[in-house]
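Written out below as structure tokens is the structure these notes cover.
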């Protein structure tokens, strides 16, 4: 067997000797032989492929534990290893998008002109919740106020109590002055409080709820999202989906394991991966969304997009004169399409504040 010294092997695979020693200790890349007298490591030429894979994955920023899993898969099923790499990169891109939005907000916030020279904005809003035509009860809760917008979709026995408890726990934010710089921390703390309220409301049962909430600072909306309720913004005639569903099917789509056509009929398409419940810690997505005059925001439970296409949602939002007209048009459209689920909508317009 052709053997390479640690120095020669490091040069061939573009890993440092220090990194090779670390990977040996972690049992990620063991040397082919260790001299019993000197402790010097030797590697086989056949180990170069695994070493190069490790080097490439490190450059992607993949954690060592994940690299170990990918390398193990690569030995027996390279296609499965490729799927794991694709899934890792999808997570990196999602996390980068959140940080990019936060950086853009901070740049704009810190470089904005003084408040005296800035057009003051405010929200005009409406909320409406409907049982639908099939479900025996409405387990949704919708709320719209001067600062807080929220939709929660309860599930399980006591789901109505869970969604109501989650939203009530946030309503104190509607009256407090919100500092833009600390708004995400404030909202995150409030979601923890909402999670505790859901635990108290549901006890040891299986009830839980999704939660999508936005908190107005006067120039931006801070978003907290967990589950498969949604938030959209209609801006200059275009509709943008600004939340990411926490469902099994969405995760399979993100990882390239499922096509959009397959997702529509997947038997577990409603299975949540994250929610507020007695048995889980709250891990919401948090981001800041810079607001512009003329924006129209929509928060809704999944009963709306399940029945109404995004194209039709855009048409109804764009044509409704007021937020109240919009929420009623959207819930009516869902019922006209069968009303298979509860549907709740909150619509808020960003407008110039009255003098």
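Residues that are assigned to a helix (DSSP H, G or I), surrounded by 13 or more Cβ atoms within 10 Å (Cβ to Cβ), free of Cβ contacts under 8 Å to residues at least 60 places away in the same chain and in the same structural domain as residue 156 (by TED's automatic domain parsing) are absent from region 268-283.
Inspection of region 217-227 identifies no residue that is more than 30 Å from residue 351 (Cα to Cα) and part of a strand (DSSP E or B).
When region 1-23 is filtered for residues that are closer than 21 Å to residue 75 by Cβ, within 44 Å of the chain's Cα centre (by Cα) and crowded, with 16+ Cβ neighbours inside 10 Å, the ones remaining, listed by number, are 9, 13, 15, 19, 20, 23. Looking at 65, 82, just one residue is free of Cβ contacts under 8 Å to residues at least 24 places away in the same chain, loosely packed, with under 14 Cβ neighbours inside 10 Å, under 35 Å from the mean Cα position of the chain (by Cα) and assigned to a helix (DSSP H, G or I), and that residue is 65.
Entry remark, region 230-250: residues being surrounded by 19 or more Cβ atoms within 10 Å (Cβ to Cβ) and modelled with pLDDT under 90 number 2 in total. As a summary of the residue check, residue 164 satisfies the conditions (1) closer than 18 Å to residue 332 by Cα; (2) without any contact (Cβ under 8 Å) to a residue 40 or more places away in the chain except for the one numbered (1). The requirement of being closer than 18 Å to residue 209 by Cβ and either outside any loop (DSSP other than H, G, I, E, B) or more than 16 Å from the chain's Cα centre (by Cα) (or both) is fulfilled nowhere in region 253-267; no residue meets it. Checked against the criteria, residue 50 counts as more than 13 Å from residue 5 (Cβ to Cβ), in the same structural domain as residue 85 (by TED's automatic domain parsing) and surrounded by 15 or more Cβ atoms within 10 Å (Cβ to Cβ). Inclusion of residue 304 among residues that are assigned by TED's automatic domain parsing to the domain that holds residue 241, within 18 Å of residue 341 (Cβ to Cβ), in contact with a helix residue (DSSP H, G or I) (Cβ under 6 Å, 6 or more places away or on another chain) and crowded, with 22+ Cβ neighbours inside 10 Å is warranted. Within region 170-183, one or more residues are closer than 23 Å to residue 279 by Cβ, within 21 Å of the chain's Cα centre (by Cα) and either in contact (Cβ under 8 Å) with a residue 12 or more places away in the chain or surrounded by 19 or more Cβ atoms within 10 Å (Cβ to Cβ) (or both). Candidates 146, 135, 192, 131: the one that is touching a helix residue (DSSP H, G or I) at 6+ places or on another chain (Cβ under 8 Å), assigned by TED's automatic domain parsing to the domain that holds residue 321, over 18 Å from residue 272 (Cα atoms) and surrounded by fewer than 20 Cβ atoms within 10 Å (Cβ to Cβ) is 146.
The values are calculated or read from the model by the stated rules, or taken from the named source; none is laboratory data. The shown structure was predicted, so the numbers you read here are calculated from the model rather than taken from an experiment. All Cβ positions, even for glycine, are placed from backbone atoms using ideal geometry, and neighbour counts span all protein chains on display.
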